[in-house]
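Worksheet for the structure shown next.
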Amino acid sequence: MLSIGIFSKISNVTTKTLRYYDEINLLKPVHVNTENGYRFYDVEQLKDIILINKLKAYFFSLEEIAEVLNKPEDDVLLYNLIKQKQKSIQDKLNNYNFILKQIKKDILNLERGKNLMEYLDNIEIKLIETKSKNILFIREKMSIEEYGKYLGKLFETLEKEKFTIDGAPMFIYHDKEFDPKNNDTEIAIPIKEVVKGTRELQGSLCAMGTLKGPYTELTSLYAKLQQWVEKEGYTIISSPYDIYLTDPRITPEEENITEVYFPVKKL
């Protein structure tokens, strides 16, 4: 057996952390001296602590690590969890790479004496009359991370029922405040068939702007639309919505095209 000190030294994990792992039943010593509380580990447990360290480096939570350790023979579970982490890390890398591009662009503009926010002045807002649409929809309190899941459910229904798509996917935002974890959002796809699970989205007068670029820039368009509405003497009368004209799975971020609509009326 190995004392907690030796086990700590070999595994590069502090004794404080090992005691915590014991408390939460993640990795328990094989023996605890009842007189002095000293913990001892089996040499075979070095494989467990190495696995724990590896999975922590892959951004596994301790709960996920415990799930893996409790099912050591379940290779499918481990494979699926690692694939999820791979996607999550790749998404973060893509986001960081985009941010780096934006930073370089902003630095170049600043070096040229340009104002960092002057691009807002170049956003064009139009006043248009939209037509009513029949939409297949799901409306839930959802987090931003769940948007793709619910959109996928709609496409599954489309394929199963052989509905006829009549427009690009739409996200309609019903909350008065933004809550990224619990937002009242309606995800919809226009279809021709009027069936259960569809409703009519009424046409209306709308202030509309178009963004070509990543979704992270949509806040700039929202701000410009709000500014235009107030400046031109209009008021928003119903929930704003986005229409996504390109598929982000196959379209580079900088080429994404999104239309944003604010239903309005003149004051």
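What the table below lists for this structure:
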| read-out | value |
| --- | --- |
| Residue among SER239, SER143, SER220 with the largest mean-square fluctuation in a Gaussian network model of the chain, springs linking Cα atoms under 10 Å | SER143 |
| Accessible area of THR15 in the full protein assembly, 1.4 Å probe (Å², nearest 10) | 50 |
| Computed lengthening from ILE128 to SER238, 0.36 nm per intervening residue step minus Cα-Cα distance | 38.1 nm |
| Whether the stretch 116-212 is rounded, prolate or oblate, judged on the alpha carbon gyration tensor where a/c under 1.5 counts as rounded | oblate |
| Extension gain, THR157 back to GLN227 (0.36 nm per residue minus Cα-Cα distance, nm) | 21.4 nm |
| Solvent exposure, largest accessible area first (probe 1.4 Å, DNA, RNA and ligands not counted), of MET1, MET170 | MET1, MET170 |
| Solvent-accessible heavy-atom area per residue, rounded to whole Å², over the stretch 165-263 at 1.4 Å | 52 |
| Largest to smallest accessible area among ILE24, ILE50, ILE189 [probe 1.4 Å] | ILE50, ILE24, ILE189 |
| Tensor-based shape of the chain (alpha-carbon gyration tensor, a/c under 1.5 rounded, otherwise prolate or oblate) | prolate |
| For the stretch 53-159: accessible area per residue (Å², 1.4 Å) | 74 |
| Full-stretch length increase - LYS192, ASN80 - with 0.36 nm per residue and alpha-carbon distance subtracted | 36.5 nm |
| Label-point gap, in nm, between ILE50 and SER220 - each point 7 angstrom along Cα→Cβ | 5.0 |
| Candidates per GluC sites (Glu not before Pro) in the stretch 1-64, loop by DSSP, up to 11 other Cβ within 10 Å | GLU35, GLU44 |
| Sites ASN36 and ASN12, calculated FRET efficiency, Cβ-Cβ separation with R0 35 Å, nearest 0.05 | 0.90 |
| Heavy atoms of GLU253: accessible area, 1.4 Å probe, square angstrom to 10 | 70 |
| Rounded to the nearest 10 Å², the accessible area of LYS126 at probe 1.4 Å | 100 |
| Accessible area of the chain belonging to carbon and sulfur atoms, whole % at 1.4 Å probe | 54 |
| In range of the label at ASN182: residues from the stretch 129-145 whose backbone nitrogen is under 15 Å from the point 7 Å along Cα→Cβ | 140-144 |
| LYS162, LYS196, reordered so the largest accessible area comes first (probe 1.4 Å) | LYS196, LYS162 |
| FRET efficiency, 1/(1 + (r/R0)^6) with R0 35 Å, evaluated for LEU62 and ILE257 via beta carbons | 0.25 |
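The values are calculated or read from the model by the stated rules, or taken from the named source; none is laboratory data. Predicted, not measured: the structure shown is a model, and the values here were computed from it. Because the Cβ atoms are built from the backbone with ideal geometry, glycine has one as well, and the counts that use them run over all protein chains shown. What goes into the accessible areas is simple: the full protein's heavy atoms, side chains included, and nothing from ligands, DNA or RNA. Shrake-Rupley method; radii C 1.70, N 1.55, O 1.52, S 1.80 Å.
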